[in-house]
1. All but one of (1) surrounded by 10 or more Cβ atoms within 10 Å (Cβ to Cβ); (2) part of a helix (DSSP H, G or I) hold for P16, so report the exception by its number.
2. N49 versus (1) at pLDDT 80 or above; (2) surrounded by 10 or more Cβ atoms within 10 Å (Cβ to Cβ); (3) under 27 Å from the mean Cα position of the chain (by Cα): which is the lone unmet condition?
3. May I ask you to list the residues in the stretch 54-72 that are under 19 Å from V43 (Cβ atoms), assigned to a helix (DSSP H, G or I) and out of contact with any Gly (no Cβ under 9 Å at 6 or more places or on another chain)?
4. Name the pairs: first residue in the stretch 53-77 and surrounded by 11 or more Cβ atoms within 10 Å (Cβ to Cβ), second residue not in a helix (DSSP H, G or I), Cβ to Cβ under 9 Å, at least 6 apart or on different chains?
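The values are calculated or read from the model by the stated rules, or taken from the named source; none is laboratory data. The structure presented is a predicted model; accordingly, all values stated were derived computationally and were not measured. Every residue, glycine among them, receives a Cβ derived from its backbone with ideal geometry; neighbour counts consider all protein chains shown.
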Amino acid sequence: MQFFWALQVLVFFARPLINFAFRVLGVGFVTYVGYNALISLVVDYITSNMSKGNIDIQMILGLAKVDVAINIMISAVTTRMIIAGLDKVQDRKRNQVWRAPGGTSIDA
């Protein structure tokens, strides 16, 4: 009899945790797949439009390393989204740096 009671208590506490884990994994998976699809569409669009130009323009863009600049910009957007997502997961909010004079700040 003790075993059934312990099993019921375990199921009672474990079910909400399992539901929460599946919900979080589901949202993360959908976000990951959607973001990858969006980035692949953007990269394909940019590369297809860069290759439509004249050969002289393509050579100038290659010398100017425009492809590297586009890659850096896409990586920066991805990094910013990851950092914003980590801040939301940790439930951290930005602290206010500037305070109005006369309050708790020191007047110089």
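1. Among (1) surrounded by 10 or more Cβ atoms within 10 Å (Cβ to Cβ); (2) part of a helix (DSSP H, G or I), the lone unmet condition for P16 is (1).
2. The failed condition is (2).
3. The answer is Q58, G62, V66, D67, V68, A69, I70, N71, I72.
4. Q58/S51; L61/G53
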